[in-house]
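The values are calculated or read from the model by the stated rules, or taken from the named source; none is laboratory data. Worth saying up front: this structure is predicted, and the values here are computed from it rather than measured. Heads up, the Cβs are rebuilt from the backbone with ideal geometry, glycines too, and the neighbour counts pull from every protein chain shown. When the accessible area is computed, the model is the full protein with side chains, heavy atoms only, and any ligands, DNA or RNA have been set aside. Shrake-Rupley method; radii C 1.70, N 1.55, O 1.52, S 1.80 Å.
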Amino acid sequence: MTLTVPCLFGLEALVADEMKRLQLKNVRAENGRVHCDGTMADIARLNINLRCGARVLMELGSFPAPDFEALFQGVLALPWADYIPRDGEFPVKGYSLHSALHSVPACQAIVKKASAKALGAAYGCETLPETGSRYQIQFAIIKDVATLYLDTSGDGLYKRGYRAQNMGAPLKETLAAALVTLSRYRGKDPFCDPFCGSGTIPIEAALIAKNRAPGLERSFAAQKWKSMDSRLWLEAGDEAMDREFHGTYDIWGGDIDPAAVELARHNAELAGVADCVRFEVADAGAFHRDSPYGQLVTNPPYGERLLEKQEAEALYRAFGAAARTLPPKWRVLVLSSHTEFERSFGRPADKKRKLYNGMIKCDVFQYGT
């Protein structure tokens with residue numbers, strides 16, 4: 001079967017690399033999603049192991065849908081009863097881009113009607129109870145071609161289960177893991193985040209250092225599916241735990257807000273990495289490290305939601321001055337949507353990469369080779 005992993009725009013190559021490392025076949029990336037060939041066992045492996053992907057979708061079929069009749073007949077012909085039992089709940093959501101069928105609510109209604117008709121015929125009933133486990137149907141209509149999926153993840157993969165609450169504007173765990181991956185951190189060097197907030201970036205760094213699968217402490221929609229053997233999840237979990245490392249790591253997070261630091265410590269406990277991350281109340285403008293090399297990865301306030309723009313610029317100036325005291329072999333990555341970041345920071349980036357934090361268009365400013 002074809003498995004599809006949607007992701008934030010700009011993270012496709014990172015997600016494709018993750019899937020290749022899991023030895024998935026025929027991995028291919030396109031805008032905002034990565035596909036591969038896989039089995040039911042791979043559904044469990046992807047959900048448990050992926051750090052940067054948004055969710056894991058199982059593709060049921062794809063067909064031309066220039067009009068509502070074609071959409072209805074295409075959906076009707078798919079093997080719904082192979083996956084959804086008589087009592088399964090099957091809500092529908094999706095989107096349409098550059099297609100004649102541009103009304104999403106109308107397409108939702110057609111997909112629901114056709115899948116209900118197919119299931120009703122298979123189970124010999126006019127009304128389906130929908131009292132059982134959830135089988136979320138997703139559709140994508142792009143350039144008049146419809147593709148239908150079942151969502152195997154349930155909650156998005158960024159919900160690792162360790163973040164009790166957010167401090168102000170949250171950074172999704174999947175994006176935090178992507179920033180750590182872009183820094184090429186592997187657990188050997190010192191790792192610092194001087195604007196750590198609730199601790200997401202240092203915690204994701206710790207999970208990467210330990211090679212701990214991010215999905216081990218949560219559940220997924222497909223675990224309740226009758227069409228999927230529960231042993232596959234146990235085997236995928238065992239395989240992931242066998243690959244964990246156990247070492248000593250220098251991972252540090254600082255924030256000027258004592259409440260944020262307290263929350264970061266709490267989240268690190270929940271994530272099972274409290275033994276390898278240190279959190280301290282600290283001013284980013286006074287940040288200093290003497291070690292000859294290391295990674296600094298951070299997401300300072302943007303001046304859009306947390307601080308006024310001028311305050312953000314003053315913060316960047318102080319932080320930039322502190323960052324320039326680091327030895328030359330340090331690699332620094334900063335995620336910001338602020339258009340004047342480089343000017344305020346006091347140095348043009350060696351490399352820039354466009355990403356989206358939620359709906360906010362950002363750049364990752366990279367310093368150091």
Review point. Counting only residues that are in contact with a strand residue (DSSP E or B) (Cβ under 9 Å, 6 or more places away or on another chain) and within 16 Å of residue 53 (Cβ to Cβ), which one in the stretch 212-229 is most open to solvent (accessible area, probe 1.4 Å)?
Key: 221
**Study point:** Positions within the stretch 258-273 being touching a helix residue (DSSP H, G or I) at 6+ places or on another chain (Cβ under 8 Å) and either among the hydrophobic types (A, V, I, L, M, F, W, C) or open to solvent by 10 Å² or more (accessible area, probe 1.4 Å) (or both), in sequence order
**Key:** 264, 268, 271, 273
Study note, to complete from the structure: Of the listed residues (278, 243, 324), the one being among the charged types (D, E, K, R), open to solvent by 40 Å² or more (accessible area, probe 1.4 Å) and under 23 Å from the mean Cα position of the chain (by Cα) is 243
Practice item. For residue 114, work out the one condition from (1) surrounded by fewer than 16 Cβ atoms within 10 Å (Cβ to Cβ); (2) in contact with a helix residue (DSSP H, G or I) (Cβ under 6 Å, 6 or more places away or on another chain) it doesn't fulfil. Key: (1)
**Study point:** Residue count, the stretch 353-369 (criterion: more than 14 Å from residue 301 (Cα to Cα) and modelled with pLDDT of 95 or more)
**Key:** 3
**Study point:** Scan of the stretch 77-90 for residues that are in contact with a Ser or Thr (Cβ under 8 Å, 6 or more places away or on another chain) and open to solvent by 30 Å² or more (accessible area, probe 1.4 Å), ordered by number
**Key:** 82, 83, 87, 89
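Which of the following residues is in contact with a Gly (Cβ under 9 Å, 6 or more places away or on another chain), in contact (Cβ under 8 Å) with a residue 40 or more places away in the chain and buried (at least 24 other Cβ atoms within 10 Å of the Cβ): 57, 50, 8? Steps first, please.
Numbers: 57 fails: in contact with a Gly (Cβ under 9 Å, 6 or more places away or on another chain); 8 fails: buried (at least 24 other Cβ atoms within 10 Å of the Cβ).
Matching residue, one of 57, 50, 8: 50.
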**Study point:** Only listed residue being acidic (Asp, Glu), at pLDDT 95 or above and open to solvent by 10 Å² or more (accessible area, probe 1.4 Å), chosen from 151, 193, 144
**Key:** 144
Exercise for review: Kindly check whether there is at least one residue in the stretch 129-152 that is under 24 Å from the mean Cα position of the chain (by Cα), under 22 Å from residue 270 (Cα atoms) and without any contact (Cβ under 8 Å) to a residue 60 or more places away in the chain.
Suggested key: no
Practice item. Evaluate the stretch 285-297: report whether one residue or more is touching a residue at least 24 places away in the same chain (Cβ under 8 Å), loosely packed, with under 14 Cβ neighbours inside 10 Å and in contact with a Lys or Arg (Cβ under 7 Å, 6 or more places away or on another chain). Key: yes
Revision key, fill the gap. Within the stretch 58-108, residues among the polar types (S, T, N, Q) and closer than 16 Å to residue 149 by Cβ come out as 62, 96, 108
Practice item. Return yes when residue 93 is closer than 21 Å to residue 2 by Cα and open to solvent by 30 Å² or more (accessible area, probe 1.4 Å) and no when it is not. Key: yes
Review point. From 333, 355, which residue is in contact (Cβ under 8 Å) with a residue 12 or more places away in the chain, surrounded by 14 or more Cβ atoms within 10 Å (Cβ to Cβ) and over 19 Å from residue 209 (Cα atoms)?
Key: 355
Exercise for review: Spot the failing condition for residue 164; the list is (1) modelled with pLDDT of 95 or more; (2) touching a His at 6+ places or on another chain (Cβ under 8 Å), and only one is missed.
Suggested key: (1)
Review point. Here are some residues: 252, 233. Which one is surrounded by 17 or more Cβ atoms within 10 Å (Cβ to Cβ), over 24 Å from residue 199 (Cα atoms), at pLDDT 95 or above and not charged (D, E, K, R)?
Key: 233
Review point. Looking at (1) open to solvent by 30 Å² or more (accessible area, probe 1.4 Å); (2) over 30 Å from residue 74 (Cβ atoms); (3) assigned to a helix (DSSP H, G or I); (4) not β-branched (Val, Ile, Thr), which is the only condition residue 121 fails?
Key: (2)
